[in-house]
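Below you will find the structure I want to go over with you.
The numbers here are math on the coordinates, done by the rules we state, and not lab data. What you are looking at is a predicted structure, and each value in this text was computed from that prediction instead of being measured. Please note: Cβ atoms are built from the backbone with ideal geometry, for glycine as well, and neighbour counts cover all protein chains shown.
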Amino acid sequence: MNLCFDYGHGGTDGGAVYKGRKESNDVLSLGKAVAVEMRRHNVTVDEIRTNDATVSLNARSGYENRKAYNYFISFHRNASEPEKAKGIETFTYLNANAKAKSLANKVQANLITLGFVNRGVKEANFHVLRETKAPSILVELGFIDNTDDNNRFDSKRNEIVKAISKAILSQCGVTYKNITSKPTISSTKVITPTTGTVTATTLNVRADAGTGFKVIGQLKKGDTVKIAKVIGPNWYSIYFGEHGGYVSSDFIKLK
C-alpha cells in the first residue's frame, strides 16, 4: 500500500495565519505524525515536503503523478472571519470515485467524534484534487482563526492523529494496532549538546514533548538553540530559561 501525503503551504506561503499561528506549521507537524503511524503499520508514505519548504501547486501534483499511489491525502486548516466559523470538513474532487468518497467519509466521521463541528464531506475543484491521479482527499483540520478549534487541535492532537490514521488504515484494509507498552528510556537519546537554528517564523517552547503541553515561551526564526536530548522522532529537549523546554524538531536545522 502506497500513500502520498501533502502538507499544505510552507516556506514563503504560510497559509492561513492567526495571532502568529501558521497553517503550514500545524499541518506539517500533525501530518508527519500520521505518516509515522502509517509506517508503524507497514504502509509506505511519501511526503511532498518534510520541512518548512515552499512547494508550488504544480510541483505537488507533479510529485504525485510520478508514481502510482493508492491514495493522496492533503492536510490543511481552514480560515474565515476571526472567531466566526469552526469545525472539520473533508473534500473530494467533483464527482470523485467511490474510493475517494469512502476515505473522505471515514476521515470525517472519525474526526467529529473528538468534538469538532461537523461541516460535512464536500466536493471542490482544488488543484491537488483535480490534478492528482490517485483517489484524493483534502481535509481541513478546524479553523485556525477560531480559538475553540485551536484549543481542540492542541489538546487532542494525539487523538486527531489516531482518528485520521484509523480511517486511512481502515480504507486500506489494515487493522489499527494500539501501542500497548509505555515508551521506554530508549525513546530518549541523550546527545553531546549541539546547536540548531529555528526555521519557523515562530516556534513554541513547551513544558514537555507534545503539542498538548503548556507553552512556556517562544523562539523566532533564526534563533540559535542548544539541544540536550532527542525525544522520540519529533522533539528536542533544549536549554531554555531556568528549567529547559521542548520544541518540535521539524522546525530546527542542526548546525
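Once you sort the root eigenvalues of the Cα gyration tensor of segment 2-171 as a ≥ b ≥ c, which label holds: rounded (a/c under 1.5), prolate (a/b larger than b/c) or oblate (the other case)?
Rounded, since a/c falls under 1.5.
Note down the relative contact order for the chain as a percent, whole number, built from C-alpha pairs under 8 angstrom at least six residues apart. Present the calculation step by step, with values, prior to reporting the outcome.
Working: 531 pairs, mean separation 45.1, N = 255.
Relative contact order for the chain comes out at 18 percent.
Take every Cα-Cα pair in segment 185-254 and report what % of them are more than 20 Å apart.
Of all Cα-Cα distances in segment 185-254, 16 percent exceed 20 Å.
Once you sort the root eigenvalues of the Cα gyration tensor of segment 48-117 as a ≥ b ≥ c, which label holds: rounded (a/c under 1.5), prolate (a/b larger than b/c) or oblate (the other case)?
oblate
Provide M38, M1 in ascending order of the number of other Cβ atoms located within 10 Å of each residue's Cβ, fewest first.
Exposure proxy ranking, most exposed first: M1, M38.
Quick one: compute the contact order of segment 185-254, relative version, from alpha carbon pairs under 8 angstrom and 6+ residues apart, as a percent.
Normalised by residue count, the contact order of segment 185-254 is 37 percent.
Going by Cα centres, segment 24-66 and segment 206-255 are how many Å apart?
22
Next up: Counting only residues 5 or more places away or on other chains, whose amide H sits under 5 Å from the amide H of D145 once H atoms are built in the peptide plane?
Counting only residues 5 or more places away or on other chains, the set is S80.
Next question. Points 7 angstrom from Cα along the Cβ direction at R40 and T54: gap in nanometres?
3.6
With the cut-off at 18 Å, tell me which of the pairs K101/K133; K101/K156; K67/K106; K99/K166; K86/K106; K32/K106 have Cα atoms farther apart than that.
Beyond 18 Å between Cα atoms: K101/K156; K67/K106; K86/K106; K32/K106.
Where both residues lie in the chain, what percent of DSSP beta bridges are antiparallel, nearest 5? Show your work: numbers first, answer last.
On the way: 30 of 49 bridges.
Restricted to the chain, the bridges split so that about 60 percent are antiparallel.
Of the GluC sites (Glu not before Pro) in segment 69-123, which ones lie in a loop per DSSP and count no more than 15 other C-beta atoms within 10 Å?
Qualifying residues, ordered by number: E83.
Compute the distance in nm between two label points, each set 7 Å from the Cα along the Cα-to-Cβ direction, one at K229 and one at C172.
If labels sit at K229 and C172, their model points lie 3.1 nm apart.
Still on this structure, I have one more. Rounded to the nearest 500 deg cm²/dmol, what is the calculated helix-only ellipticity per residue at 222 nm for the chain, with -39500 (n - 2.57) per DSSP H run of length n ≥ 4? Don't skip to the end; give the middle numbers.
Values: 6 runs with 70 residues, N = 255.
Counting only the DSSP helices, I get -8500 deg cm²/dmol.
For segment 1-49, what's the relative contact order in percent, using C-alpha pairs closer than 8 Å and at least 6 residues apart?
Rounded, it is 52 percent for segment 1-49.
Mind sorting L129, L28 by how few other Cβ atoms lie within 10 Å of their own Cβ, fewest first?
Ordered from fewest to most neighbouring Cβ atoms within 10 Å, L129, L28 come out as L129, L28.
Another question, then. State whether segment 1-70 is rounded, prolate or oblate according to the following rule on the C-alpha gyration tensor (a ≥ b ≥ c being the square roots of its eigenvalues): a/c under 1.5 gives rounded; otherwise a/b larger than b/c gives prolate, and the remaining case gives oblate.
Oblate.
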